[in-house]
Structure formats: C-alpha cells, structure tokens
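Shown next, in structure tokens, is the structure this report addresses.
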Amino acid sequence: MAARIQVPASTKRGEVVEIRLLIQHPMETGYRRDDVGHLIKRNVITLLSCRYDGVEVFRADLSSGIAANPYLQFYTVAGKSGELELYWIDDEGKQGSERQAIKVT
Amino acid sequence: MKRREFLAALAGSLALPAIAQETGLDPAAVKLANGAPLKKGKVTLTLPQLADNGNSVPIRIVVESPMTEADHVKSIHLFSERNPVSNMANFYLGPRAGKAEIDSRVRLAGSQKVTAVAVLSDGTYWYDAAPIVVTLSACLDES
C-alpha cells in the first residue's frame, strides 16, 4: 500500500505540526457487485494510528464511509526531535506504515 | 369556541415539525451520548453545500478547545443519516494533538444531514450538523 505523508521536516518546540496523510487504498464498501453479480468483499482500513516518539497522539476508526484513497489531516504538538510513525491495518489484515523524523529546535 | 379549538390544533400541528427539527438529532449521535445532553456549539463542521459526486466529499471538523491536559477533546465522531454504516469515523485525540482539527474526505449515499459529535475531557458532548445535497450518490449498491 503506497502512502504519502507530509510533515514539516523541522519545527520549533511547542509548535503545532500539521500532518497530512494520503493512503492508496480502494476502501471497498462491501455493497458493490462485480460483473457477474457477486458481492465484492468489504475491504476498508479500519484502524489508523499515529505515534510520536512511541506515544500515540492520534487514532482513527474508519469505515466504508471514508472515500477511496483516504486522506487525513490532523495536528500534533512538537515536543522533542523524534520519529513520527503512522500505522494502519485493513480488513484483509494488510498492514501499512510510514515513518518520518521531525527535527525540533 | 369551535373555531378557536380548530386554530389551536392547527397551530399545534404547525409547531410539531419545528420541534422535531429542533431536536432532530442523529439517532446514532444520541445513542453515543448515552443520556448525556448533546449541546450545539464548540464544534464546527464544514461541508460543501452541494457535492456533484458523493464518492469523495471534503469534510472539516474544528472543535474549540485549548487542548491542555485539563481541558481537551477526547474524541470526535462522524455520523451520516443515510449511509448504510451510520458511524462514518471516530477520531481519538488528546492533549498532544495541540489543535482539535481534522480534515478528510467522506462517502455519502445521497443528500442528507451529517453530524459531528465531540466528546470533551470533562465528559460533555457537543455537536454540529450540516446539510448537504449530493447529486450523484456514492455507489453503495449495483446502481
């Protein structure tokens, strides 16, 4: 699962950092049928978590109500230099993750 | 007397839809609050008034909160009136979020009212609702 994460590479301590995430995922609802009329199995990202220096700062439960190729934008406070780790899992059990270091001055 | 009664009944019947609209909260949102009062305010839900395609509708939720250890937003819940899965998403935040603001894109099955509920650290529930007209509904069935 390809994903793109946008986080400022460096910031000041105490500043609010914007995190933007775009994951390539069909977010299949489970209500659609294929050409021969069989229901296509639901496959959505159900859990998404964002850890900053090992501490969870944001978590989301998603459902079929989220558009395909889910986009999320949220915020966190810059504490100290560390790694931002995003992790998600879908109905098929496929996991994805993305990491980026933040330099705090 | 008869005329007066009739007018009173008429006034009553006209007032009813207004009351229903006033308390016309999303049933799933009321269930989430579990008896606690759901107050309007603090939350701002931004949706386009009209969406050509329900498959991807930009949505923004902003909650007024200092986001400190003592006073912060614990979670934000999104509800749709007409989607087969009414609870579209739950977001869990904390004091480390710094700002209670989330942007995303949702799928909407037809014109409806979308509700966002924020749960604050003091245990209060706040909401905002926004109507939206969807021209092309998200394909949730064969259509």
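The values are calculated or read from the model by the stated rules, or taken from the named source; none is laboratory data. Bear in mind the structure is a predicted one, so any value in this text is a computation, not a measurement. Don't worry about glycine lacking a Cβ; one is built from the backbone with ideal geometry, like all the others, and counts go over all protein chains shown. To get the accessible areas, we keep the full protein, side chains included, count just its heavy atoms, and leave off ligands, DNA and RNA. Shrake-Rupley method; radii C 1.70, N 1.55, O 1.52, S 1.80 Å.
Quick check: pseudo-label points 7 Å beyond the Cα along Cα→Cβ at A:Asp91 and B:Arg82, how many nm apart are they?
Once both label points are built, they end up 2.2 nm from each other.
Let me cross-check A:Asp61: its accessible surface, 1.4 Å probe, with only protein heavy atoms counted, in Å² to the nearest 10?
40 Å²
Taking the alpha-carbon distance from B:Lys31 and a cut-off under 30 Å, which lysines remain once sequence neighbours fewer than 8 residues away in the same chain are dropped?
The qualifying lysines are A:Lys41, B:Lys39, B:Lys40, B:Lys42, B:Lys74, B:Lys99, B:Lys113.
What would the Debye equation give as log₁₀ I(q)/I(0) for the stretch A:3-102 at q = 0.25 Å⁻¹, counting only Cα atoms as equal point scatterers?
-1.31
Multiplying the sequence separation of B:Thr68 and B:Lys113 by 0.36 nm and subtracting their Cα-Cα distance, what value in nm do you get?
Numbers: separation 45, 0.36 × 45 = 16.20 nm, distance 3.12 nm.
Full extension from B:Thr68 to B:Lys113 adds 13.1 nm.
Please give, to one decimal in nm, the separation of the simple spin-label points placed at A:Gln24 and B:Lys39, each 7 Å out from Cα toward the Cβ.
For A:Gln24 paired with B:Lys39, the spin-label model returns 4.7 nm.
State the Kirkwood hydrodynamic radius of the protein assembly as shown in Å, one decimal place, computed from all pairs of distinct Cα atoms. Intermediate values should be presented prior to the final figure.
Numbers: mean 1/r = 0.0509 Å⁻¹.
It is 19.6 Å.
Within a Cβ distance under 9 Å of A:Ala67, other residues only, what is the Lys/Arg minus Asp/Glu net charge?
Details: positive: B:Arg105, B:Arg107; negative: none.
Here the charged neighbours net out to +2.
Which whole-number percent gives the relative contact order of chain A, counting Cα pairs below 8 Å spaced six or more residues apart?
The normalised contact order for chain A reaches 33 percent.
Which one of B:Leu93, B:Ala29, A:Ala60 has its Cα pushed farthest toward the positive end of the charge dipole of the protein assembly as shown, where Lys and Arg give +1 and Asp and Glu give -1 at the Cβ?
Looking along the dipole axis, the top candidate is B:Ala29.
Run the dipole for the protein assembly as shown about the Cα centre, Lys and Arg Cβ at +1, Asp and Glu Cβ at -1, nothing else charged, and hand back the magnitude in debye, nearest 20.
Numbers: 29 positive and 28 negative charges, 105 e Å.
Dipole about the Cα centre, nearest 20: 500 debye.
Given bins 10 angstrom wide, list per bin the percent of all Cα-Cα distances in the stretch B:24-134, short to long.
Calculated over all Cα pairs of the stretch B:24-134, the distribution is 15, 49, 30, 6, 0 percent.
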